[in-house]
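Peer 1: The structure follows.
The values are calculated or read from the model by the stated rules, or taken from the named source; none is laboratory data. Values in this document were obtained by computation on a predicted structure and should not be read as measured data. Cβ atoms come from the backbone with ideal geometry, glycine included; neighbour counts cover every protein chain shown.
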Amino acid sequence: MKILIAYFTMSGRTKKTAEAIASALTNHDVSYFPMELTGKFIEKIKKLDKFENDDFSEIESGLDNLDAAIYDLIIIGMPTYGDKPPKAFDEIIVRMKNLNGKRAIVFNTARFTGKKSLDYMKAKVEEAGAQVIDQARFRKLLWIGVKNAIKFGTKIND
Ligand SMILES: Cc1cc2nc3c(=O)[nH]c(=O)nc-3n(C[C@H](O)[C@H](O)[C@H](O)COP(=O)(O)O)c2cc1C
């Protein structure tokens, strides 16, 4: 299968989780659409603020080229902010071409909650016409390990 993993990350936990899942997808061809906020903390917060105010100008070309057509499976991973995914999630769903009819998997990372946010992600992906075949929440207060993510990836791989 050709698999696209689209993720958003500000402090690296969702990226780490996405890469751990991908490390187990040995039978498949994996590509990424990473939305990674970089720079000093204050710069990351400013970028996040822009996105939360629906200004995606910095990543416009990436969003423009987002097309699910060549993939058999779309995996979308997000952190949890105020019990919701970041606005970047909604933007990905709106902008991704040919999501309708695709198989999809959603996952999120969180410190305390995340269930409501994951339900929201699943509902939005289904509204776009994709079939959500699996989902996972990786919740850790402090250090987020990769064990559960690799286990989840192994399940997808098989
Ligand atoms: C502004 C902000 C809001 C957050 N809100 C929540 C929340 O509502 N529930 C929760 O469990 N974790 C919350 N967190 C923690 C993040 O979801 C968690 O650390 C996530 O794994 C970060 O992913 P990242 O390292 O990929 O950015 C919040 C973090 C930030 C910075």
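Peer 1: What's the total number of residues in the stretch 65-120 that are charged (D, E, K, R) and over 19 Å from N53 (Cα atoms)? Full working, then the answer.
Peer 2: Of the residues in the stretch 65-120, the ones charged (D, E, K, R) are 67, 72, 83-84, 87, 90-91, 95, 97, 102-103, 111, 115-116, 119.
Adding the requirement that they be over 19 Å from N53 (Cα atoms) leaves 67, 72, 97, 102-103, 111, 115-116, 119.
Total satisfying the criteria: 9.
Peer 1: Say whether the condition of being surrounded by 15 or more Cβ atoms within 10 Å (Cβ to Cβ), of a type in the set (G, A, S) and in a helix (DSSP H, G or I) is met by at least one residue in the stretch 79-100.
Peer 2: yes
Peer 1: Specify the residue that is surrounded by the most Cβ atoms within 10 Å (Cβ to Cβ); the eligible residues are those in the stretch 26-67 that are of a type in the set (A, V, I, L, M, F, W, C) and within 15 Å of D90 (Cα to Cα). So that I can check it myself, show each step before the final result.
Peer 2: Filtering the stretch 26-67 down to residues of a type in the set (A, V, I, L, M, F, W, C) leaves 30, 33, 35, 37, 41-42, 45, 48, 51, 56, 59, 63, 66.
Checking which are within 15 Å of D90 (Cα to Cα) leaves us with 33, 35, 48, 51, 56, 59, 63, 66.
Values: F33: 18, M35: 25, L48: 17, F51: 20, F56: 17, I59: 17, L63: 18, L66: 20.
Only one residue tops the list, namely M35.
Peer 1: Let me ask something else about it. Only one of these conditions is not met by I45: (1) more than 10 Å from the ligand (Cβ to nearest atom); (2) farther than 26 Å from V146 by Cβ; (3) more than 15 Å from the chain's Cα centre (by Cα). Which number is it?
Peer 2: For I45, the exception is condition (1).
Peer 1: Report yes if some residue within the stretch 58-71 is out of contact with any helix residue (DSSP H, G or I) (no Cβ under 7 Å at 6 or more places or on another chain), at pLDDT 95 or above and under 19 Å from R13 (Cα atoms); otherwise report no.
Peer 2: Checked against the condition, which is being out of contact with any helix residue (DSSP H, G or I) (no Cβ under 7 Å at 6 or more places or on another chain), at pLDDT 95 or above and under 19 Å from R13 (Cα atoms), the stretch 58-71 yields no hits at all.
Peer 1: Kindly provide the set of residues from the stretch 38-66 that are part of a helix (DSSP H, G or I) and of a type in the set (S, T, Y), ordered by number. Walk me through it before giving the result.
Peer 2: First, pick out the residues of the stretch 38-66 that are part of a helix (DSSP H, G or I): 41-52, 57-64.
Residues satisfying the conditions are S57, S61.
Peer 1: Out of all the residues in the stretch 17-38, which are within 13 Å of the ligand (Cβ to nearest atom), out of contact with any strand residue (DSSP E or B) (no Cβ under 8 Å at 6 or more places or on another chain) and under 20 Å from G145 (Cβ atoms)?
Peer 2: Residues satisfying the conditions are E19, A20.
Peer 1: Could you check how many residues of the stretch 9-18 are surrounded by fewer than 20 Cβ atoms within 10 Å (Cβ to Cβ) and in a helix (DSSP H, G or I)?
Peer 2: Total satisfying the criteria: 2.
Peer 1: Just to verify a result, which residue in the stretch 115-158, among those that are in a helix (DSSP H, G or I) and among the aromatic types (F, W, Y), is farthest from the ligand (Cβ to nearest atom)? Spell out the reasoning first.
Peer 2: First, the residues of the stretch 115-158 that are in a helix (DSSP H, G or I): 115-127, 147-157.
Keeping just the survivors that are among the aromatic types (F, W, Y) gives 120, 152.
Values: Y120: 12, F152: 15 Å.
So, considering only residues that are in a helix (DSSP H, G or I) and among the aromatic types (F, W, Y), the one farthest from the ligand (Cβ to nearest atom) is F152.
Peer 1: OK, next. Which numbered condition in (1) modelled with pLDDT of 95 or more; (2) more than 12 Å from the chain's Cα centre (by Cα); (3) more than 13 Å from the ligand (Cβ to nearest atom) is the only one that V106 fails?
Peer 2: For V106, the exception is condition (2).
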